[in-house]
């Protein structure tokens, strides 16, 4: 008994000491490329280790009603792509696509934090969407016909116009695709990049050998050690990678001028639910519309002009086009995540891509961002 | 009738004699020794050079928390700090109860039995203790030291249950289960269906502990037991409606924490299922036998990764539209179903190894078939297959590394998070691999030694 | 004296009658299983209908649209069924090579563990305890990283060419991507057919000598006869067809990106084979050690009493008995190795699991692709189980 008492006392002492010193040890790595002004992700409240998150049976109801009843949006994102979707060490998510998820939550539910991020590998994207694991897929996904048709997805407004490029070490001196005959080319599995590579090289009669990896973390060592001679991916990713590789002391990289294919990246929802699709789409397009109006997170709450288009957009007069969104959803969205330009500058400019002069610029500046009027 | 016997003369070789007979017994052996010794010394030198001098362990040091708990929300870390001592307490209580009941059985059978001593435990689990020391070496604050010491003390405290008299033994198992559930819910929270898990555990305890101990109970006993279960369930439900703690669901767990919990949950959950499958496979009813055999052969014929793919890509198609199961829940379900098939085969082997005379004796005593199974067959069969079950747990623990192919950040895959950081993109790949490999090795080695030891002791103990 | 009640007069109540319970139990079990399956399949069909996806296997005849790594002869326009065949072939290759490595290394290490030489025994123990307790995935990735990605070999374009002194052709080409080893070139179906015929003749010779031995007791020398007939038939067909097969040495192609001639082994294949081979070897070594130890000690003592040498003791007394015990678990380990080749997805080796994952990611129906993949593995495991059962029966006959 004496031993027991002694042990009990010592245990309690140790636990008190442990409790007092918890929270003091934070890892000091500077690894997270999170942009400034990051918010923490909420754990969807009451997450218990059993099944359905209380989702009501969709008895003829649309996904919009289901999501509003459930109280959070399940958003499929990337967790290892700097600029678009990254998971930070403390479990929070940041990135351009992640911010778009928050915009959807702000628009549909009025709360930018009412979103549950579901990280997905490229291979699992569409099965997750089809099976209902996620409500919306915002994960640098290219809009193609097969995905609209065979894979049961519906693509919405393109949020990022991109193209597929090819990167080689500058020392090799390769400048055209023909230089890569029979070469090993690193590519991610389950992406349009893989299919385009096969199609373009096949059309030109250039033989090649793909090295297929599941994610960039496995791919990059193979590329840098020379197992692959070239790396093909979306041009935005290649620019980011070129910047990071060169900044970390690697070899100088060269991105070929030739753009292999068009890569319009945008959000996707399941087939067969137009009201949900439209709610998501207009929430996202609100960010571009605000940019066009010159409204951003700082001044949208204090607009004092009389432009009827802007007043409709802000919902000041109670304008409701019947999308199932709140009248002031635009204000909620812009105040929480900012307009398109702010999101771009927060997430994508740090990885080395400029907004001005790119296809993602506003249509009034010569770019492709053109949204239908909110009227 | 004891005659004093002198032990046989054994020549203990020392020094030159030992070297001669062990390293150079004959020509071929000597050649082998001469070839191997320099190779061994050189590789040992290079390995030591790598491990102690040249390696950049910074990648592991700076990311130790990532390896241990992955992307678990940092502000909720106190939950993990609370879980470990609870778990150690539970383990101590369980081991104490098991050790004392083993001791009682040995005394009954008149066999010798050595008490488990702390020194013995240290010697048996030197690999795990070594790994924990390595972790503490890499730790940069004092907190891990306190947590580890607290857990060790909690374990010893739980072990004190050994001193209790025999009639408190059952309470020991109930205490262990309750502490395990408490440790789990400290992290996962008390909302939702958490009360159900506790109610089940408490209910099982209430069921076992109430009522008379007659072999064939009457209806009064059943009524008492049912009443106890209902009362305790209601109490638990009320308690849980007062304590609402959202916790951190297991979808957010990662790192070594997730690896350990997935293996533990899978083996615990698969056990009843596998038991039923084994009994079904051996039953005389052809339909049951067919169903069980189909299931077992189907699951054992495909690799685990195929089942994990099924779970990841298509599992949700088989559930009503609108239901959602997180990716980790599905992974745990797949591991459970997979392990259940293997557990079924192991238990079936145990059931087959039991002499049929046992069953016949039970029937001769007038016991019904369920009672024969419950009181005679299962206790012996299960005790006989404990080493194989431990082996299955080791396999399961190693197989959790396959979750990295599904991009879940368990212990092995945390490496991709570490090497995604700008500082460690191209360096330290070997160091992190070695660290992860040593982690797996430490636990698996300790478990396999335990299983060998149990096997040896069970053979001695079996009549 | 009252007569005891005859058993026929006591009717067992229906709810306790064993025959009734048996039937009811089975009906219930089947009904439950049926209902569960119906619920699952009902959900499946309603979900698929909602999304306009089908449950058919028509995707197998549509073009693959992506290139399979290291198979330059594979046309991306070929149907998916061809891709599945490529996957099966690669799984078989990795499995077969892995089994060869596992059995050889495992046998050596298993016997070494019981060696009298302390150093050899300890080294074997370290080998077994090390490889057994680490996940196979870690071992495979370790090989891939240590030998190839971060290893000492240069790129294929600057590969190391190892040639025998004085000759201009290469023995081996080493790079961090592919290795080239010598192979055979030429050969015709006729030649392969003749070799097959020779194999059958050799097997017949084996059986004949065994029967002869059983009938007359003369030493059978069946191994010598088997090898003799086989080698003779190979030499005869080789000469008769005018040397159809020649050695082909590996060489670099024009643009130095391919290995032409010989066999080209890619890094994924080598990592998987080496990793799994060593992992399974550690298990095989344990099994062999256990089985040798399970041979009763009296056998050893009796052989020593009969003045058999160590080698003879192993060859005639210990190993035959030990292998009888060891072969079923070893065949089980071979099955595990074939299943573990699915880890090739982690090193970009194009076996069936990796190809299935890629094709699902590229829009093929997930459920059907996975069913095809599981069917492939079931085919492998059922054949190996059949082999196991055959072996078991054969050995049981021998031991009476």
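The values are calculated or read from the model by the stated rules, or taken from the named source; none is laboratory data. Since this is a predicted model, take the numbers as computed values, not measurements. Positions of Cβ are backbone-derived with ideal geometry, glycine not excepted, and every protein chain shown enters the neighbour counts.
A few comments on the model shown:
- Taken together, C:347, C:372, C:376 contain a single residue that is under 21 Å from the mean Cα position of the chain (by Cα), under 20 Å from residue C:68 (Cβ atoms) and facing chain A (nearest Cβ under 9 Å), which is C:347.
- Enumeration of residues in region B:424-453 that are at pLDDT below 80 and farther than 30 Å from residue A:249 by Cα: none
- Some residue of region C:95-110 being facing chain B (nearest Cβ under 10 Å), part of a helix (DSSP H, G or I) and either under 30 Å from residue B:19 (Cα atoms) or out of contact with any strand residue (DSSP E or B) (no Cβ under 7 Å at 6 or more places or on another chain) (or both): no
- Unmet criterion (only one of (1) surrounded by fewer than 22 Cβ atoms within 10 Å (Cβ to Cβ); (2) in contact with a helix residue (DSSP H, G or I) (Cβ under 7 Å, 6 or more places away or on another chain)) for residue B:423: (2)
- Qualifying positions in region B:300-337 - facing another protein chain (nearest Cβ under 7 Å) and outside any helix (DSSP H, G or I): B:302, B:303, B:319, B:320, B:321, B:322, B:323, B:324, B:325
- Counted residues, region B:357-371 - those being within 22 Å of residue C:21 (Cβ to Cβ), modelled with pLDDT of 90 or more and in a helix (DSSP H, G or I): 5
- Failed criterion for residue A:259 (all others in (1) out of contact with any strand residue (DSSP E or B) (no Cβ under 8 Å at 6 or more places or on another chain); (2) over 30 Å from residue A:66 (Cβ atoms); (3) surrounded by fewer than 22 Cβ atoms within 10 Å (Cβ to Cβ) hold): (1)
- Residues that are crowded, with 17+ Cβ neighbours inside 10 Å, in a helix (DSSP H, G or I) and away from chain B (no Cβ under 14 Å) are absent from region C:65-79.
- Residue match in region B:11-18 (condition: at pLDDT below 80, under 27 Å from residue C:311 (Cα atoms) and within 9 Å of chain C (Cβ to nearest Cβ)): yes
- The single condition among (1) away from every other protein chain (no Cβ under 14 Å); (2) surrounded by fewer than 17 Cβ atoms within 10 Å (Cβ to Cβ) that residue C:194 does not meet is (2).
- Within region A:126-145, the set of residues being touching a strand residue (DSSP E or B) at 6+ places or on another chain (Cβ under 8 Å) and either surrounded by fewer than 24 Cβ atoms within 10 Å (Cβ to Cβ) or at the interface with another protein chain (Cβ under 8 Å from one of its Cβ atoms) (or both) comprises A:126, A:128, A:130, A:132, A:133, A:142, A:143.
- The single condition among (1) in a loop (DSSP other than H, G, I, E, B); (2) within 10 Å of chain B (Cβ to nearest Cβ); (3) loosely packed, with under 12 Cβ neighbours inside 10 Å that residue C:53 does not meet is (3).
- Here is the figure for region B:297-325: residues that are surrounded by 21 or more Cβ atoms within 10 Å (Cβ to Cβ) and farther than 25 Å from residue C:344 by Cα total 4.
- Taking region C:176-295 and the strands (runs of 3 or more DSSP E) fully enclosed by it, the elements with 1 or more residues that are over 25 Å from residue C:158 (Cβ atoms) and either within 28 Å of the chain's Cα centre (by Cα) or without any contact (Cβ under 8 Å) to a residue 24 or more places away in the chain (or both) are at C:183-186, C:245-248.
- Filter result for residue C:156 (at pLDDT below 90, crowded, with 16+ Cβ neighbours inside 10 Å and facing chain B (nearest Cβ under 10 Å)): no
Quick grid of which residues meet (1) closer than 23 Å to residue B:250 by Cβ; (2) more than 14 Å from chain A (Cβ to nearest Cβ); (3) at pLDDT 85 or above:
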site	(1), (2), (3)
B:381	no, yes, yes
B:399	yes, yes, yes
B:402	yes, no, yes
B:411	yes, yes, yes
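- Any hit, region B:305-328, residues being in contact with a strand residue (DSSP E or B) (Cβ under 9 Å, 6 or more places away or on another chain) and either in contact (Cβ under 8 Å) with a residue 24 or more places away in the chain or closer than 25 Å to residue B:394 by Cα (or both): yes
- All conditions in (1) surrounded by fewer than 19 Cβ atoms within 10 Å (Cβ to Cβ); (2) in contact with a strand residue (DSSP E or B) (Cβ under 7 Å, 6 or more places away or on another chain); (3) more than 14 Å from residue A:266 (Cα to Cα) hold for residue A:181, with the sole exception of (2).
- Elements of the type helices (runs of 4 or more DSSP H) sitting completely within region B:116-180 and holding at least 2 residues that are surrounded by 14 or more Cβ atoms within 10 Å (Cβ to Cβ) and more than 21 Å from the chain's Cα centre (by Cα): these cover B:126-138, B:143-159.
- Test result for residue A:164, at pLDDT 90 or above and surrounded by 22 or more Cβ atoms within 10 Å (Cβ to Cβ): yes
- Test for residue C:128: is it in contact (Cβ under 8 Å) with a residue 60 or more places away in the chain, within 15 Å of residue C:282 (Cα to Cα) and either surrounded by fewer than 18 Cβ atoms within 10 Å (Cβ to Cβ) or within 14 Å of chain B (Cβ to nearest Cβ) (or both): yes
- The helices (runs of 4 or more DSSP H) found wholly in region A:157-262 and carrying at least 2 residues that are within 11 Å of chain C (Cβ to nearest Cβ) and at negative phi occupy A:192-203, A:216-224.
- Checking C:110, C:98 one by one, the residue that is over 27 Å from residue B:403 (Cβ atoms), crowded, with 23+ Cβ neighbours inside 10 Å, touching a helix residue (DSSP H, G or I) at 6+ places or on another chain (Cβ under 8 Å) and modelled with pLDDT of 85 or more is C:110 and no other.
- Test result for residue A:146, free of Cβ contacts under 8 Å to residues at least 12 places away in the same chain, in the same structural domain as residue A:320 (by TED's automatic domain parsing) and not in a loop (DSSP other than H, G, I, E, B): yes
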